[in-house]
Amino acid sequence: MAILGVGANIIECLRIAQMIERHGELFITRVYTDHEIEYCSARKAATQHYAGRWAAKEAVLKALGTGQLPGIRWRDIEVRSGKNDAAPPTVRLRGGAKELFERSGAQKIHLTLSHCRSHAVAYAVAEGRSVD
């Protein structure tokens, strides 16, 4: 196996809070899957969790060698928490993001994310066989 790409992203939690305040449900349902909404909304610091998932989605796209492209929706990338606090989060892809993943030769995406009151950060590594 080879590392095909690495992606990192950091975002201010305040930016996500402002998007939620300005656009409300429209923003949340455009960017996050039902599972992500349920998870984040149940947390005391929901904005930090939403920001972490935003950063993770961006990091995954960078690890796959691109940014946001036509045909890839934010909801095509779903971040799921690990089974316990020690387990890493996982990524589920669908639609355009899944097609990009398959074309890249990637077989797995490793993901980590973290957040505090002010910032959220995520790193993604695409692993697989090079298609060169």
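Looking at this structure, is residue 16 under 16 Å from residue 111 (Cβ atoms) and β-branched (Val, Ile, Thr)? Criteria not met by residue 16.
Among the residues of the range 56-99, those that are more than 17 Å from residue 9 (Cα to Cα), part of a loop (DSSP other than H, G, I, E, B) and out of contact with any Leu (no Cβ under 7 Å at 6 or more places or on another chain) comprise 70, 71, 73, 81, 82, 83, 84, 85, 86, 87, 94. Looking only at residues in the range 71-96 that are under 14 Å from residue 124 (Cα atoms) and touching a Lys or Arg at 6+ places or on another chain (Cβ under 9 Å), which one is surrounded by the most Cβ atoms within 10 Å (Cβ to Cβ)? By that ranking, first place goes to 77. Pairs linking a residue in the range 100-115 that is within 21 Å of residue 69 (Cα to Cα) and assigned to a strand (DSSP E or B) to a residue that is acidic (Asp, Glu) and at pLDDT 95 or above, with Cβ atoms under 6 Å and 6 or more positions apart or on different chains, are 108/127.
When residue 111 is tested against (1) at pLDDT 95 or above; (2) in contact with a Gly (Cβ under 7 Å, 6 or more places away or on another chain), exactly one condition is not met: (2). Under 9 Å by Cβ, and 6 or more places apart or on different chains, what pairs join a residue from the range 33-45 that is closer than 18 Å to residue 12 by Cα with one that is exposed (fewer than 12 other Cβ atoms within 10 Å of the Cβ)? Filtered contacts from the range 33-45: 45/117.
The values are calculated or read from the model by the stated rules, or taken from the named source; none is laboratory data. Keep in mind it's a predicted model, so treat the numbers as computed, not measured. Because the Cβ atoms are built from the backbone with ideal geometry, glycine has one as well, and the counts that use them run over all protein chains shown.
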